[in-house]
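Below: one structure, written as structure tokens.
Since every read-out is calculated from the coordinates, none of them should be taken as a lab result. For clarity, every value in this text was computed on a predicted model and none was experimentally measured. As a convention, Cβ positions derive from the backbone with ideal geometry for all residues, glycine included, and neighbour counts pool all protein chains shown.
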Amino acid sequence: MCRRAQAILAVLGIFFWAASSSKIRSKDALTQATAKNYTQVPGEGWCTDNIGVNEATARRFEEVDCTRARNMCDSDAACVAYACMNGTFQGPVWSVIYTTTGCVVHCGNTEWVNNPRLITKAQYTQNQPAWQTARCHVAYQPLNNDLCDSAGFMNSSTAVYSDAWTLQAATSEADCASKCIASAGCMAWTGNTSDWNFCYTTATYKRTQSAWAQQYTGQLKCANAASCGAFVKSNTSLGDPPGHSGSPWVLLPATSKEDCVAQCRYDSTCKAYKGGDDTGCALTPNQPCTDFTCYLTSHYSITSLAWETDGPDWEGAYRSGC
């Protein structure tokens, strides 16, 4: 094996490589470049979801810097994100383009392409030190386009709990979702991405701030956005209801206030939200929140206290009809 090929394997950690020339040349989508709005998610490394370092999703690698990687994503209608090294690493500078266009790795997994809001942070592993200089940039789409899919489901950024899961044998993610559609009153489903015989549906659920168990994913059935009326901004803080055992507020990863509000609006169990810009909080040790600290709840009380000072613009609202 030539030294250049060995370097590629060492930097990227790929065990197979679909190229016979010195580097992969992409099949960029033949579209006119249109600048997208990118959000740099927290962390260093390649793009990941809320579960962790596994990025088993449709992508390709390019030996280009950040400027060229961004241009490639801009020119590709299917591209939802890119991660790029900043060039301080002594060696080739690589970028990863998250797209189905010219895809070479895990091309059948298109969850991120279909819903880029699954990408919540960047991360790398110790055996890939070159990627500690990289940052992940996501082209989030307007929430009304990518929060709820065509089947009427929204991806749950964290695991949900239910004591009434019903086991359904399925053959794929789409089939598992269809089991929920066909089940009267079904409001959420979850399944094992390695074995869809373990597909579960439920009519009742609670949001949690824990990640899905390894290899599991799930979705919530989108509620009618107007079913609980408009949000009413609270001039005082929203707290726990009297006599409630444990705080009902669930901390979720969110990229903005708009994202936080939307996650409450389309969640049939959500009655109020609160939060603000606060990059110092942590969902789990050493894993910071995204730009916006977001709490959702199904139970709340309106207090006479001032809003918390956890962030510079802390605020919240409740739904008038709930």
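Packing, taken as the mean count of other beta carbons within 10 Å per residue, orders the peptides 218-226, 129-137, 114-122 from highest to lowest as 114-122, 129-137, 218-226. Considered as an equivalent ellipsoid built on the Cα gyration tensor, the stretch 116-222 has semi-axes of 28, 17, 13 Å, the largest given first. Couplings for the stretch 151-158, taken from phi via the Karplus curve 6.51 cos²θ - 1.76 cosθ + 1.60 with θ = phi - 60°, read 8, x, 10, 10, 5, 8, 5, 9 Hz in order; Gly and Pro are left as x.
Rg over Rh for the stretch 52-142 works out to 0.94, both radii taken from alpha-carbon positions and Rh defined as the Kirkwood radius.
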